[in-house]
C-alpha cells in the first residue's frame, strides 16, 4: 500500500519504517482520526528472547573465566556456543522445530517469529484456486502511544507517538493464525479465520502511566496489489479490536457488564449534586463491551518459493483499553516482523 514505505531486510536492529501517508483508525464512536507520521529516529527494540540470550552469554562467560580447569572451561565454552546460536543466526522454522522444551524454556524463544532464509522469488497464485495462509506470526518490536507533548519554547501542545516500556513478559506475540488466501489475477486477499489472534499487553509511558491494550488482528481482511506474492507485495486492511475485559469482569466495587452490582454509589449521593456530575458516575457504573477498529499494513521482503514461506515487516495501529467505557482510549502504534506460509487447500 502507498501508506507505508517497506523497510526491506528489517530485523532486530533495523530502523522503523517511514510512512508517506498516515495510517487511519476508526474508534468505537465511528470518528475517523489520522495518526501523525512515526518518528524516523525511533529504533526497533530487541526482543526479550535476544536480551535473555545475551545475559546468559555474559553470565556463562564470567563463570568460564574463573574456572582453573581447561577441560571444564572447554565445556562451558560449548555451552556458550549453544546459547549464542539463536542470537547469532536467524531462527528458521526448521531450527525452532528442532529445539527441545528445555532449550526453549525460559529463553523467550517461544515469543519469536520464525525467519526466512531466502530473499528473492515469487509465489504464484492461480485465480480460482483456493489457498490458505497458515502459521501467521506477528512479533512487535516497537510499542508507541500517542500523547500530547508540550513545547519547551511555547505553550503549544502537539500530539505525537512516544516510546514506551514493555511491562508484559514474553507472551505478546500472535501466532498460529490462519485464514483464506485467494487471488483474482489483479489482487491478493487474505481473510483471517482463527488462531492465537489476541494478546493482552501493557506498556508504560515515560511519566509512569500504564496503558493496557489487546494486541489483535481479529477479522482481518488484508488486500495486496498484483496476482502473485513477491518481495514487493504489501498487504493492508482493517481488523476488529474486542474489549480488553469481558462482560464477566468485576471491578473493585463488584460492578460488571453481565453480572455483579448495577451500581456502587448510594442513591442519595447520586442525587446530591442535582444530577450535575452524573456523567462520570454513569461511565463507571454502566459497563460496556466495546469493539473498536484497527488497521495494519504488512510488507513482504523475504520469500522461499519452495516451502511457500514469506516474511516481512508490519505497522499496526489500534486503540487501547477503555476500561469498559469509563476512559477515553489512546492510540497505539506497533511495528515489528511477521512470518507466514502459503499452502494450497
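The values are calculated or read from the model by the stated rules, or taken from the named source; none is laboratory data. Given the structure is predicted, the values throughout are model-derived calculations rather than measurements. No Cβ is skipped: glycine too gets one built from the backbone with ideal geometry, and neighbour counts run over all protein chains shown.
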Any hit, the stretch 247-262, residues being out of contact with any helix residue (DSSP H, G or I) (no Cβ under 7 Å at 6 or more places or on another chain), on the phi > 0 side of the Ramachandran plot and modelled with pLDDT of 80 or more: yes
Test: residue in the stretch 214-226 that is at pLDDT below 95 and surrounded by fewer than 18 Cβ atoms within 10 Å (Cβ to Cβ): yes
Selection status of residue 240, modelled with pLDDT of 85 or more, in contact with a strand residue (DSSP E or B) (Cβ under 7 Å, 6 or more places away or on another chain) and assigned to a loop (DSSP other than H, G, I, E, B): no
Check on residue 219, over 19 Å from the mean Cα position of the chain (by Cα) and assigned by the TED database to the domain that holds residue 293: no
Some residue of the stretch 315-326 being touching a helix residue (DSSP H, G or I) at 6+ places or on another chain (Cβ under 8 Å) and not in a helix (DSSP H, G or I): yes
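Condition check ((1) crowded, with 23+ Cβ neighbours inside 10 Å; (2) assigned by the TED database to the domain that holds residue 253; (3) under 30 Å from residue 261 (Cβ atoms)) across all residues:
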site: 278; (1), (2), (3): no, yes, yes
site: 282; (1), (2), (3): no, yes, yes
site: 297; (1), (2), (3): yes, no, no
site: 306; (1), (2), (3): no, no, no
site: 310; (1), (2), (3): yes, no, no
site: 318; (1), (2), (3): yes, no, no
site: 332; (1), (2), (3): yes, no, no
site: 337; (1), (2), (3): yes, no, no
